[in-house]
Amino acid sequence: QVQFVESGGGLVQPGGSLRLSCAASGIIFSISRMGWYRQAPGKQRELVAGISDSGTTYYADSVKDRFTISRDNAKNTVHLQMNSLKYEDTAVYYCNMYPSPYGVWGQGTQVTVSS
């Protein structure tokens, strides 16, 4: 079955960095467009970054020039390098297919930006 397992979150100070990873299974990863989403408390889940099977990337304006999405087709993994983190980046981060997420979500990984 389809499964997404996110990891790499944690507590970081403003201006710090984190690298998130997601292992996907049950899909043909190499031809799947993948994305990172996040959900902050009291807010809807939003797409922050996406990457096509050919490597074309998309970024939400709020993370452009700070976040970098990448993929490793040999390992069925997608990464999100997050730099210059801000308080407003605090959220649970999920990976899924992009731009239309699959109907199954992983447990996500918590990112907390706090001093």
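Checked against the criteria, Gln39 counts as open to solvent by 50 Å² or more (accessible area, probe 1.4 Å), touching a Lys or Arg at 6+ places or on another chain (Cβ under 9 Å), closer than 20 Å to Trp105 by Cβ and polar (S, T, N, Q). Is it the case that Val113 is within 18 Å of Leu18 (Cα to Cα), touching a helix residue (DSSP H, G or I) at 6+ places or on another chain (Cβ under 6 Å) and touching a residue at least 40 places away in the same chain (Cβ under 8 Å)? Here the answer is yes, as Val113 does meet what is asked. The residues of segment 63-78 that are open to solvent by 20 Å² or more (accessible area, probe 1.4 Å), closer than 16 Å to Ser17 by Cα and not β-branched (Val, Ile, Thr), listed by number, are Lys64, Asp65, Arg66, Ser70.
What is the residue count in segment 64-100 for residues that are out of contact with any strand residue (DSSP E or B) (no Cβ under 7 Å at 6 or more places or on another chain) and farther than 20 Å from Gly10 by Cβ? Residues flagged as out of contact with any strand residue (DSSP E or B) (no Cβ under 7 Å at 6 or more places or on another chain) and farther than 20 Å from Gly10 by Cβ within segment 64-100 amount to 7. Within segment 79-90, not a single residue is in contact with a Cys (Cβ under 6 Å, 6 or more places away or on another chain) and either open to solvent by less than 30 Å² (accessible area, probe 1.4 Å) or without any contact (Cβ under 8 Å) to a residue 40 or more places away in the chain (or both).
Residue-level check: of (1) within 24 Å of Gly103 (Cβ to Cβ); (2) without any contact (Cβ under 8 Å) to a residue 40 or more places away in the chain; (3) open to solvent by 10 Å² or more (accessible area, probe 1.4 Å), Ala49 misses just (3). Each residue in segment 1-36 was checked for being farther than 20 Å from Arg66 by Cα, open to solvent by 30 Å² or more (accessible area, probe 1.4 Å) and among the aliphatic types (A, V, I, L, M), and 5 pass.
The values are calculated or read from the model by the stated rules, or taken from the named source; none is laboratory data. Being a predicted model, the structure only gives us computed values, none of them experimental. Every residue, glycine as well, gets a Cβ built from its backbone with ideal geometry; the counts of neighbours run over all protein chains shown. In case anyone asks, the SASA skips ligands and DNA or RNA and just uses the protein heavy atoms, side chains included. Shrake-Rupley method; radii C 1.70, N 1.55, O 1.52, S 1.80 Å.
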